[in-house]
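Take a look at the structure below.
The values are calculated or read from the model by the stated rules, or taken from the named source; none is laboratory data. Please read these numbers as outputs of a predicted model, since none were measured by experiment. Every residue, glycine as well, gets a Cβ built from its backbone with ideal geometry; the counts of neighbours run over all protein chains shown. The accessibility values were calculated without ligands, DNA or RNA, using every heavy atom of the protein model including side chains. Shrake-Rupley method; radii C 1.70, N 1.55, O 1.52, S 1.80 Å.
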Amino acid sequence: MANGYPKIQRDSLHNTRRFEYPWVFLNLSRSCDSLLDMGSGGSSFTFFLTQYVDKVVALDKELEPLNEMDTIKRCTGRFHNLETKCVDLLDSGYEDDSFHTVISISALEHAGHSNLEKAFSEAFRIARNSVIVTMDVRFSPYGERIHMDDLKSLSAKYGFDVPRMDQLTLAQILEKDMPPFAVACIRIDKKGD
């Protein structure tokens with residue numbers, strides 16, 4: 001404990017978050033009254049969204065980051081419109097159309113290649129209007145990592161365009177100090193908004 005306050009782990013701003021957070025925010029409808037952050041991981045972005053949305057729920061399968069969020073709420077006396085829930089991404093326990101918007105920032109890919117469809121289906125099921133997702137995508141199959149073929153099959157089912165991404169050579173990746181993946185940014189509108 002420092003200065004009488006519990007130590008809080010702050011999320012480091014991963015390289016891709018520098019454009020994922022603004023992209024998600026710009027694609028969030030101004031009429032959004034309820035939002036579920038699927039795979040929140042205790043992100044400070046979730047706290048930021050409480051300023052613009054009446055009800056925000058941070059959902060994660062890990063209890064520790066959610067406990068940290070609850071500690072921040074308790075210590076600051078703020079963020080009364082933020083709830084936390086510890087459940088698996090594949091089965092949130094919410095009813096159909098429970099939230100205006102479901103977002104997931106670089107989290108659904110952690111469900112793994114074999115569970116991506118289930119995670120996507122759960123997000124789509126509980127969203128009334130929009131699903132906004134960013135995810136790391138590999139250019140070729142690599143174990144349980146998500147790859148372009150996964151996006152192509154999801155796009156056929158949910159009706160979004162797969163962004164065109166050119167594969168870089170390993171030399172280009174190393175030269176530019178870039179990871180061997182891209183980040184897909186997807187917004188799916190279920191109903192007019």
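Considering only protein heavy atoms, what is the solvent-accessible area of Glu68 at a probe of 1.4 Å, reported in Å² to the nearest 10?
30 Å²
Might you report the magnitude of the Cβ-based charge dipole of the stretch 19-73 about its Cα centre, with Lys and Arg at +1 and Asp and Glu at -1, to the nearest 20 debye?
Charge dipole, the stretch 19-73, about its Cα centre: 220 debye, nearest 20.
Taking just the C-alpha trace of the stretch 35-165, give me its Rg and Dmax in Å.
In order Rg, Dmax, the Cα atoms of the stretch 35-165 give 15.2, 47 Å.
Set the bar at 22 Å for Cα to Cα. Now go through Lys118/Lys190; Lys73/Lys190; Lys118/Lys157; Lys85/Lys118; Lys55/Lys85; Lys55/Lys190 and name every pair that lies beyond it.
Details: Lys118/Lys190 17 Å; Lys73/Lys190 32 Å; Lys118/Lys157 12 Å; Lys85/Lys118 19 Å; Lys55/Lys85 13 Å; Lys55/Lys190 20 Å.
Long pairs (Cα-Cα over 22 Å): Lys73/Lys190.
Using the Karplus equation 6.51 cos²θ - 1.76 cosθ + 1.60 (θ = phi - 60°), what ³J(HN,Hα) coupling, rounded to whole Hz, does each residue of the stretch 113-122 give in order, writing x for Gly and Pro?
Using θ = phi - 60°, the values come out as 3, 6, 10, 4, 4, 5, 5, 5, 4, 5 Hz.
Can you find, among Leu154, Ile132, Ser40, the residue farthest towards the positive end of the dipole of the stretch 18-158? Put +1 on the C-beta of Lys and Arg, -1 on that of Asp and Glu.
Going by the charge dipole, the pick is Ile132.
Considering only protein heavy atoms and a probe of 1.4 Å, how much of the accessible area of the stretch 20-64 is carbon and sulfur, as a whole percent?
Its accessible area is 52 percent carbon and sulfur atoms.
Would you grab the residues whose amide H sits under 5 Å from the one on Asp33? Only those 5+ places off in sequence or on another chain, please, with H modelled 1.01 Å from N.
Correct list: His100.
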